[in-house]
Amino acid sequence: MSDVPLSAPDSHGPEDIEAVAVRHPGRWVASAIVLLLAVAIVNSMATNPRFGWGQVGHFLFDHRITSGVVVTIELTVAAQALGIVLGVLLAVMRLSPNPLVAGGSWLYVWFFRGTPVLVQILFWYNIGALYPSIHLGIPFGPQFVAINANSLVTPFLTVALGLGLNEGAYMSEIVRAGIISVDEGQTEAALSLGMTRLQTMRRIVLPQAMRVIIPPTGNETISMLKTTSLAFVVAGADLLSAAENIAGANFEPIQLLIVASIWYLVLTSVLYVGQYYLERYYARGSSRELPPTPLQRIRRGVFSVRHDPVALGPLGPLGGVERHEGGSIR
Amino acid sequence: MTASAPMVKAEGVHKRFGRLEVLRGISLEVARGEVMCIIGPSGSGKSTFLRAINHLEKINRGRLWVDGELVGYREHGGKLHELPDREVAKRRAEIGMVFQRFNLFPHKTALENVIEAPRLVRGGARAAATEEATTLLRRVGLSDKLASYPSQLSGGQQQRVAIARALAMKPKLMLFDEPTSALDPELVGDVLDVMRDLAREGMTMIVVTHEIGFAREVADALVFMDEGVIVESGDPREVLANPRHERTKLFLSKVL
């Protein structure tokens with residue numbers, strides 16, 4: 001047996017395959033049509049003077065618009081943060097073995113998913129009619145503070161509260177799906193190590209649930225950013241309200257809607273990037289090696305060009321020492 | 001608790017899932033430092049019994065003690081009172097468990113997997129926990145895999161991390177639920193070696209397994225379970241060589 005040579009990987013076999021690719025005439029036709037349509041649209045937008053691109057450029061960085069952008073961002077952050085916190089709370093409640101706690105969560109979701117968010121915002125806006133003053137204290141017990149409702153519910157608070165409470169209902173379903181997606185064995189392993197239920201949820205289950213929770217949450221946040229434009233109905237100070245205010249004075253509604261749209265596009269694009277990196281963070285351990293980010297790819301590309309001379313080694317025309325000196329002379 | 005009490009004692013343990021009776025009166029004792037192997041066909045209730053020992057399953061009838069303390073309950077005035085979550089967790093912390101599917105935390109590296117519970121449950125400094133974990137991972141032959149995520153490890157390596165993770169809590173009892181059943185045959189040996197070392201160091205162990213060879217060599221006691229009852233038990237060499245019961249003979253003829 002020992003005389004039989006071990007089979008070694010052969011490196012002298014036939015060379016790599018270089019086959020002629022299949023032709024796809026259909027794809028070429030489709031590409032031509034897409035390109036033609038794109039050119040037609042751009043041409044129409046550029047040559048139709050009624051678009052008023054000059055006015056668009058003029059208002060794009062108008063201070064009323066930019067402060068509207070800031071309010072829109074603030075509203076999005078406030079409402080989405082409230083939604084996420086509520087969502088986690090409601091999801092954990094929903095999974096509670098206590099039927100009253102789980103039922104309470106179910107009822108909340110049923111109510112807030114079942115009514116239009118616009119109705120909810122208008123409702124909060126008019127809350128003063130229902131409760132002229134708001135008291136803080138223990139139910140049926142002593143009261144500590146009384147506040148006039150009309151002075152409390154500013155347009156900002158109305159919209160943030162309305163959108164946030166509504167978002168909580170949707171986020172709870174997303175979080176619940178994430179929690180359920182984590183293997184039961186993870187909980188068992190954590191419990192067997194002596195962790196309490198709360199520690200298990202916080203340290204083991206939720207971080208893993210994040211992989212499932214983040215993509216739809218990104219979706220929700222992008223949707224939230226645009227839904228803040230409903231602040232328009234309660235005279236908010238957000239991006240769309242600001243644009244409409246200007247349009248109401250200068251009668252150029254199209255130009256200002258374009259301005260608002262450009263800003264909404266910029267903001268959602270920023271959210272795309274944020275979501276991408278958040279997803280990568282929570283993908284730790286899930287795949288053997290994550291593909292490089294676009295930034296890493298660019299950096300690697302630049303460095304690989306710059307470092308090429310090193311491959312020549314110390315005997316190359318650019319020795320390591322010389323190279324460093326060259327750098328310092330410059 | 002008391003030095004004389006057995007590490008594990010079961011008395012007439014019953015467990016039902018709905019109408020299905022999985023355990024139908026299990027009584028046994030495991031002494032301090034003893035290694036007990038439980039064998040039997042699938043569905044015989046071996047895993048359920050093992051999980052009952054650290055209260056992952058609540059038993060319906062009978063009594064179960066670990067180190068002289070009732071599992072999951074407190075007896076007061078002739079009645080059983082359920083223990084609060086925190087108390088149950090405290091008792092579980094002293095019992096290590098190793099699962100068939102490893103159940104490593106996939107979002108944590110091997111080192112983080114081992115550190116997590118000691119840090120969270122016992123508190124204490126990170127540096128000390130890291131040192132302890134590094135020692136444990138070296139002991140199971142994985143000192144070069146500290147920074148690897150579970151998905152980067154083979155099944156055998158994952159199971160050895162899982163054993164190190166359980167040992168990090170300094171348990172007085174180790175439960176193994178078919179630790180090698182999900183492994184490629186060539187990886188089984190490494191895991192069994194670690195378990196053999198552990199037994200030699202005097203750890204009290206209950207091992208649900210299909211590794212008859214391991215049971216014969218390492219176990220002090222062998223239990224054969226079928227349909228929720230203990231059919232036969234005793235010295236492993238004796239039981240394996242001369243099974244007295246027909247069902248034991250039938251089972252052994254299939255696995256040996």
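For the range A:142-188, name all the residues that are assigned to a helix (DSSP H, G or I), within 14 Å of chain B (Cβ to nearest Cβ) and open to solvent by 70 Å² or more (accessible area, probe 1.4 Å).
Residues of the range A:142-188 that are assigned to a helix (DSSP H, G or I), as a first pass: A:149-152, A:155-181, A:184-188.
Now restrict to residues that are within 14 Å of chain B (Cβ to nearest Cβ): A:178, A:181, A:184-188.
Of everything in the range A:142-188, just one residue is assigned to a helix (DSSP H, G or I), within 14 Å of chain B (Cβ to nearest Cβ) and open to solvent by 70 Å² or more (accessible area, probe 1.4 Å), namely A:GLU184.
If I filter the range B:152-162 down to residues being polar (S, T, N, Q) and either more than 14 Å from chain A (Cβ to nearest Cβ) or open to solvent by 30 Å² or more (accessible area, probe 1.4 Å) (or both), which single residue comes out as farthest from the chain's Cα centre (by Cα)?
Taking the candidates together, the pick is B:GLN152.
Find all pairs meeting these conditions: Cβ atoms under 9 angstrom apart; at least six residues apart or on different chains; first residue within the range B:91-109 and more than 7 Å from chain A (Cβ to nearest Cβ) and open to solvent by 10 Å² or more (accessible area, probe 1.4 Å); second residue assigned to a strand (DSSP E or B) and at pLDDT below 95.
Going by the 9 Å Cβ cut-off, the qualifying pairs are B:ARG91/B:GLU69.
Restrict the check to the range A:104-118 and report whether at least one residue is basic (Lys, Arg), surrounded by 10 or more Cβ atoms within 10 Å (Cβ to Cβ), under 30 Å from A:MET201 (Cα atoms) and in contact with a Ser or Thr (Cβ under 8 Å, 6 or more places away or on another chain).
No, that holds for no residue.
Mind telling me which of the residues A:SER223, A:SER229 ends up being in a helix (DSSP H, G or I), under 26 Å from the mean Cα position of the chain (by Cα) and surrounded by fewer than 19 Cβ atoms within 10 Å (Cβ to Cβ)?
A:SER223
Of the conditions (1) touching an Asp or Glu at 6+ places or on another chain (Cβ under 8 Å); (2) away from chain A (no Cβ under 14 Å); (3) buried (at least 19 other Cβ atoms within 10 Å of the Cβ), B:HIS14 fails just one. Which one is it?
Unmet for B:HIS14, out of (1) touching an Asp or Glu at 6+ places or on another chain (Cβ under 8 Å); (2) away from chain A (no Cβ under 14 Å); (3) buried (at least 19 other Cβ atoms within 10 Å of the Cβ): (3).
If you go through the range A:189-205, how many residues are open to solvent by less than 40 Å² (accessible area, probe 1.4 Å) and in a helix (DSSP H, G or I)?
Total meeting the criteria: 8.
Name the residues in the range B:60-82 that are closer than 22 Å to A:GLU184 by Cβ and open to solvent by less than 30 Å² (accessible area, probe 1.4 Å), would you?
Hits for the range B:60-82 are B:VAL71, B:GLY72.
Taking the range B:22-69, which residues are touching a helix residue (DSSP H, G or I) at 6+ places or on another chain (Cβ under 7 Å) and closer than 25 Å to B:ASP197 by Cβ?
B:VAL35, B:CYS37, B:ILE38, B:ILE39, B:ASN54, B:VAL66, listed by residue number.
What are the pairs, 6+ residues apart or on separate chains, where a residue within the range B:164-187 that is touching a residue at least 40 places away in the same chain (Cβ under 8 Å) and away from chain A (no Cβ under 14 Å) has its Cβ under 9 Å from a residue that is assigned to a helix (DSSP H, G or I) and crowded, with 24+ Cβ neighbours inside 10 Å?
none
Would a scan of the range B:123-142 turn up a residue that is in contact (Cβ under 8 Å) with a residue 12 or more places away in the chain, within 10 Å of another protein chain (Cβ to nearest Cβ) and touching an Asp or Glu at 6+ places or on another chain (Cβ under 9 Å)?
No.
How many residues does the range A:257-296 contain that are among the polar types (S, T, N, Q), in a helix (DSSP H, G or I) and open to solvent by 50 Å² or more (accessible area, probe 1.4 Å)?
Here the count works out to 3.
Which of the residues spanning the range B:190-234 are open to solvent by 70 Å² or more (accessible area, probe 1.4 Å) and either of a type in the set (Lys, Arg) or within 19 Å of B:MET7 (Cα to Cα) (or both)?
Once the filter is applied, which keeps residues that are open to solvent by 70 Å² or more (accessible area, probe 1.4 Å) and either of a type in the set (Lys, Arg) or within 19 Å of B:MET7 (Cα to Cα) (or both), the range B:190-234 yields B:ARG200, B:GLU201, B:ARG216, B:ASP220.
In the range B:110-122, what count of residues is obtained for those that are more than 21 Å from the chain's Cα centre (by Cα), within 12 Å of another protein chain (Cβ to nearest Cβ) and at pLDDT 95 or above?
The qualifying residues number 1.
Name the single residue that is surrounded by the most Cβ atoms within 10 Å (Cβ to Cβ) among those in the range B:41-51 being in contact (Cβ under 8 Å) with a residue 40 or more places away in the chain and touching a Leu at 6+ places or on another chain (Cβ under 7 Å).
Filtering first and then ranking leaves B:PHE49.
Give all pairs with beta carbons closer than 6 Å in which a residue from the range A:235-256 that is surrounded by fewer than 16 Cβ atoms within 10 Å (Cβ to Cβ) meets a residue that is small (Gly, Ala, Ser) and assigned to a helix (DSSP H, G or I); count only pairs at least 6 apart in sequence or on separate chains.
If the second residue must be small (Gly, Ala, Ser) and assigned to a helix (DSSP H, G or I), the pairs left are A:PRO253/A:ALA247.
Give A:ALA40, A:ALA46, A:ALA21, A:ALA30 a once-over and let me know the one that is outside any helix (DSSP H, G or I) and free of Cβ contacts under 8 Å to residues at least 60 places away in the same chain.
Going through A:ALA40, A:ALA46, A:ALA21, A:ALA30 in turn, the sole match is A:ALA21.
Looking at the range A:119-140 only, could you name the residues that are surrounded by 11 or more Cβ atoms within 10 Å (Cβ to Cβ), of a type in the set (A, V, I, L, M, F, W, C) and not in a helix (DSSP H, G or I)?
Result: A:ILE134, single match.
On the basis of being outside any helix (DSSP H, G or I), out of contact with any helix residue (DSSP H, G or I) (no Cβ under 7 Å at 6 or more places or on another chain) and closer than 30 Å to B:LYS58 by Cα, does A:PRO97 make the cut? Spell out how you get there, then give the answer.
Numbers: outside any helix (DSSP H, G or I): yes; out of contact with any helix residue (DSSP H, G or I) (no Cβ under 7 Å at 6 or more places or on another chain): yes; closer than 30 Å to B:LYS58 by Cα: yes.
The answer is yes for A:PRO97.
Give, as residue ranges, the helices (runs of 4 or more DSSP H) completely inside the range B:65-166 that count at least 2 residues that are over 24 Å from B:VAL8 (Cα atoms).
It comes to B:110-117, B:126-139.
The values are calculated or read from the model by the stated rules, or taken from the named source; none is laboratory data. Nothing here was measured: the structure is a model prediction, and the numbers come from that model. Cβ coordinates were reconstructed from backbone atoms using ideal geometry, including for glycine residues, and neighbour counts include every protein chain displayed. These area figures cover heavy atoms from the full protein model, side chains too; ligands, DNA and RNA do not enter into them. Shrake-Rupley method; radii C 1.70, N 1.55, O 1.52, S 1.80 Å.
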